[in-house]
Amino acid sequence: MARRWKNTLSENDVTPENVFLNRRQLMAGGAAALGLGSIGGALEAAEGLEPSSYEDITQYNNYYEFGTGKSDPAQNAHLLTTAPWSVKIDGLVDKPGDYAFEDIMKAMTIEERIYRFRCVEAWSMVIPWNGFELADLLAMAGVQSDAKYVAFETALRPDEMPGVRYPVLDWPYVEGLRLDEAMHPLTMMATGIYGKDIPNQNGAPLRLVVPWKYGFKSIKSVVRITLTDKEPPTSWNQANAREYGFYSNVNPEVDHPRWSQASERVVGGGLFSKRVPTLMLNGYADEVGDLYAGMDLSKFF
Ligand SMILES: Nc1nc2c(c(=O)[nH]1)N[C@H]1C(S)=C(S)[C@@H](COP(=O)(O)O)O[C@H]1N2
Ligand SMILES: [Mo]
């Protein structure tokens, strides 16, 4: 299927000047060392947007099914069996059923996209994802005309997920999008990072990525996608509705009740790690601003 979107961000939008490595240095160093032949194309598409290191992306995670510490997922997520894997697509679709992961991969066009990633905890990274547009997967199942929302569910495997013993959240982890958000070409299902299969701690074998929303919307290890006509429940909203809304769009002007959302700490960069201003809709306002025309984003947070 055709590519519908080109990354137009520039490094000035995101990279602290003092940690910016030029593209040639990265190609010669990090990317080559990882054996990432195809990263050049992604970097070109991103116009110099500087990705976080593979180490930061895969060692500093949130995946509460494997523990609430940032290093717990990297330590424990190897317990998750990711093959065989299938995704149940049901609800308001023409072809409901269990879709085998390999069949999905055969049908989809995999591409690389470098996206800003912003956690609600006010830190951020830049991640080179590999994956496909969610819209293409939904098209495979045939979305019916009365569908208005898309609900997502993570695997729930108490034997493989040590974190689900604790009632931090009401398991399984669930998320949702409005159908137009789900169909937007920026919304993707990621299956890789830096050209390699996505590590378990980042949501193997496939996870949602919605770059203009806080990270918790980007649900990992998806086993079910349901098209509905009602706004679906979402885990963090159920846990604390005052602090976490359904939309969760990155917005420097709407603070979390317990902390400011006006700036973010860029993960990585060692001594030079610093805070940068947070951008409206995480820098994707030109692309997705229209989805929220006329909505009061402090009310629909
Ligand atoms: N199933 C599931 N998905 C999840 C989470 C989780 O705990 N469980 N954490 C969310 C949060 S809060 C963030 S910030 C991102 C982190 O993604 P990363 O670890 O790949 O950076 O995953 C999101 N998806
Ligand atoms: Mo997060």
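The values are calculated or read from the model by the stated rules, or taken from the named source; none is laboratory data. Bear in mind that the values here come from a model prediction, so they are computed numbers and not experimental data. As a convention, Cβ positions derive from the backbone with ideal geometry for all residues, glycine included, and neighbour counts pool all protein chains shown. When the accessible area is computed, the model is the full protein with side chains, heavy atoms only, and any ligands, DNA or RNA have been set aside. Shrake-Rupley method; radii C 1.70, N 1.55, O 1.52, S 1.80 Å.
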Accessible area expressed per residue, segment 186-265, with surrounding protein chains retained (probe 1.4 Å, Å²) = 32
Taking θ as phi - 60°, what are the ³J(HN,Hα) couplings along segment 193-201 by the Karplus curve (6.51, -1.76, 1.60), each to the nearest whole Hz, with x for Gly and Pro?
-> 9, 6, x, 10, 3, 5, x, 3, 5
D170/V254 FRET efficiency (R0 35 Å; Cβ-Cβ; nearest 0.05) | 0.90
Where a ≥ b ≥ c are root eigenvalues of the Cα gyration tensor, a/c under 1.5 meaning rounded, otherwise prolate if a/b exceeds b/c and oblate otherwise, segment 131-170 counts as prolate
Whole-percent carbon and sulfur contribution to the accessible surface of segment 166-301 (1.4 Å, no ligands, DNA or RNA) stands at 54
Just add up the charged neighbours of Q261: K/R +1, D/E -1, any other residue whose Cβ is under 11 Å from the Cβ of Q261.
-> -2
First select every other residue whose beta carbon is under 15 angstrom from the beta carbon of Q75; then total the charges, Lys and Arg +1, Asp and Glu -1.
-> -3
Cβ-defined net charge surrounding I89, 14 Å radius [Lys, Arg +1; Asp, Glu -1] = -3
For W212, tell me the accessible area in Å² from a 1.4 Å probe, rounded to the nearest 10.
-> 0
